[in-house]
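Below is one structure, written out as structure tokens; the observations come after it.
The values are calculated or read from the model by the stated rules, or taken from the named source; none is laboratory data. All of these numbers come straight from a predicted model, not from anything done at the bench. Cβ placement follows ideal geometry from the backbone for every residue including glycine, while neighbour counts extend to all protein chains displayed. The accessibility values were calculated without ligands, DNA or RNA, using every heavy atom of the protein model including side chains. Shrake-Rupley method; radii C 1.70, N 1.55, O 1.52, S 1.80 Å.
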Amino acid sequence: MIFTRWSAKLPGTQRRAAARSDRAAPRPASGTPAVPPTAAPAPSDVPAVADGVPSAPTAATTGSVPAARAEHTDPAPAQDRTPATLPPTVDALSVHDILGTIPALVAVVYGPEHRLAYVNGAYASVFGPRPAGRTAREALPELDALGLLPLMDQVLRSGKPRTVKSRKVPGGAGDRTRDGYYTFTCTPIEVAASGPAPDPEVACVAPHKGVLVFGAEVTDQIESAERLRASEARQREAAVTLQRSLLPQELEQPDDLCVAATYQPGGTDAAVGGDWYDVITLGAGRTALVIGDVMGRGVRAAAVMGQLRTAVRAYARLDLPPHEVLQLLDGLAAEIDASQIATCVYAVHDPNEGRLVYASAGHLPILVRDPDGTVHRAAEPTGPPLGTGGWLHTSGSVPLGPGSSAVLYTDGLVERRDKDIDHGVEALERAFAGAAGAPDIVCDRLLRSLGITASHDDDVAILVLQHPARTGHDAELFHNAALELHGGTEAAPRARAFASGVLASWRFSPELHDLGVLAASELVANSLQHGTPPMRLRLRRTDRRLIVEVTDGDDHLPRRRRAEPADEAGRGISIVATIASSWGSRRTPGGGKAVWCEFALPRG
């Protein structure tokens with residue numbers, strides 16, 4: 001029996017034949033896309049016949065394998081016979097497909113002369129079309145104007161990318177009507193040669209070294225930053241204006257002191273702080289000097305500073321000891337803003353005592369220069385900063401006689417980020433020791449010596465005071481005279497006789513002489529009636545005023561009141577307040593009080 005025509009029907013025959021056919025078919029080379037074989041001509045509808053028996057179609061003739069055991073199967077649907085769709089890859093995309101669609105500026109150059117190979121549509125829309133093949137200096141003059149050609153040379157030599165930020169591109173080029181800003185990045189690349197290889201035997205041509213110039217537009221960011229800077233500049237200007245308006249426009253000049261102050265806000269990159277200073281005449285020749293610093297920046301710090309300065313002037317009118325003034329300020333600072341603290345020095349100079357009595361709330365020490373040029377610091381702060389609450393301040397004192405000087409300052413003068421603040425204070429001591437001249441000249445010299453410029457990163461406030469040693473004609477305008485009173489009925493006549501003789505020797509006019517004697521008599525009478533020994537009458541003359549002062553051992557301060565017609569007393573203070581330019585009273589450190597009045601001298 002012949003089995004040839006039946007072999008196709010045997011189980012497994014079809015599978016073995018198909019496997020042999022697959023092994024015999026050539027495989028595509030690696031890296032070459034598989035291409036489906038060309039379809040063979042369709043076999044005849046008439047099956048092959050062997051010995052009169054029809055034979056089954058074979059794999060060689062049909063290109064397919066029938067089902068085993070010759071079972072009949074329905075043809076698969078058309079979609080099932082379609083080859084599976086492969087995912088797309090970027091290997092098939094060109095430079096034009098990728099770079100031509102992005103909104104950033106792209107230019108590709110090659111060679112040491114940076115010959116232009118390609119610009120995308122975004123670049124052409126900004127700068128216009130550019131001819132390929134020419135050097136960048138010819139084809140891309142805008143890059144030369146932006147200063148990118150030296151950077152491209154550097155990238156080509158080093159093989160490392162470089163970036164320049166926020167370069168301005170003027171409007172009017174291409175489709176751009178307004179100025180724009182771009183950040184350019186130059187990246188080294190290799191540009192393949194175009195056209196056929198010069199030698200057919202050579203498999204490839206060496207690529208050119210080139211640079212890809214990528215420009216990302218940052219116009220919106222730059223404009224936003226400029227608007228922010230303009231807003232900050234307006235806020236800073238408002239804070240500086242507020243700060244300067246809250247500082248004294250003109251310092252009061254005491255009779256016995258020469259005073260000058262300066263304030264310099266921080267540079268444009270620094271927000272305005274809360275530094276302040278003030279000079280307050282207290283009467284009877286005494287002067288209060290204040291300097292402080294609110295911890296903070298901007299309008300808020302300046303506003304807090306203004307409130308504290310106003311409060312200091314109000315509390316100073318009470319003629320309280322320095323530590324009591326700071327105690328009141330401490331409570332007020334906590335009420336104004338619990339999150340704000342401030343440092344402050346409040347000092348009082350009394351020419352009769354030749355001392356500077358002060359209280360410091362966490363502030364830097366006062367520096368005092370003696371007549372021989374020796375500089376020494378006042379003691380450490382006598383209390384914590386204002387606004388901390390719950391602490392008691394105390395007062396200290398430092399000598400400040402004729403010929404001495406002192407400087408009060410804020411931390412912006414001596415504090416540096418890279419040094420301890422003590423080094424700054426020591427540098428200020430050395431500068432102050434050699435800073436001679438009037439107080440305003442000393443302020444300028446201290447600023448220069450400490451390296452304070454317009455771009456300094458913090459506010460600076462300086463207050464310089466000098467107690468001049470008067471000689472010659474100037475000394476003739478300043479006199480002191482005092483009389484100890486022990487009480488008794490003879491005290492009042494002695495006081496009147498002493499005042500009359502002193503005022504006559506100072507060659508006052510008869511009218512001022514009589515007013516001075518009357519004021520001395522009323523103040524002594526008030527002290528004799530309401531005070532306790534020891535008592536003292538002091539007369540003081542300056543170039544601008546006559547001061548009459550009486551001290552005693554009782555600390556109850558007199559008040560001006562309206563006396564009824566039938567009252568035999570109560571008119572003394574009213575008389576003094578009527579005839580004098582000003583009057584006042586204060587408690588003295590020893591537990592007593594001082595009552596004084598002043599008469600303004602005519603300008604001669």
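Observations on the structure shown:
- Extension gain from A314 to I102, taking 0.36 nm per residue of separation minus the Cα-Cα distance: 69.5 nm
- Angstrom value of the Kirkwood radius, inverse mean 1/r, which spans all Cα pairs in segment 461-604: 16.2
- Between E380 and A132, the modelled labels are 8.0 nm apart [label points 7 Å from Cα along Cα→Cβ].
- Residues in segment 402-545 average 48 Å² of solvent-accessible surface per residue, probe 1.4 Å, ligands and nucleic acids excluded.
- Surface composition of segment 334-404: carbon and sulfur make up 55 percent of the accessible area, probe 1.4 Å.
- Taking a point 7 Å out from the Cα of S449 in the direction of its Cβ, the residues of segment 357-386 whose backbone N falls within less than 20 Å of it are 364-379.
- Signed unit charges on C-beta, dipole axis of segment 454-526, positive-most listed residue V502, S455, A519: V502
- Burial ranking of peptide ranges 136-143, 227-234 (average Cβ count within 10 Å, highest at the top): 136-143, 227-234
- Given +1 at the Cβ of Lys and Arg, -1 at the Cβ of Asp and Glu and no other charges, the dipole of segment 271-402 around its Cα centre is 220 debye to the nearest 20.
- Part-to-part distance (alpha-carbon centres) for segment 389-454 and segment 480-499, which is given in Å: 44
- Segment 402-505 shape via C-alpha gyration tensor axes, a/c threshold 1.5: prolate
- Counted charge near S500, where neighbours are those whose Cβ lies closer than 15 Å (Asp, Glu -1; Lys, Arg +1): +1
- The label point for D179 and the one for R470, both projected 7 Å from the Cα toward the Cβ, are 6.2 nm apart.
- Relative contact order computed over segment 322-455 (Cα-Cα under 8 Å; 6+ residues apart), in percent: 23
- Distance (nanometres) between label positions extended 7 Å along Cα→Cβ at Q235 and H423: 3.3
- Per-residue extension of 0.36 nm, minus the Cα-Cα distance of A225 and A504, leaves a gain of 93.0 nm for this segment.
- Length gained on full extension, E511 to S94, computed as 0.36 nm times the residue gap minus the Cα-Cα distance: 139.3 nm.
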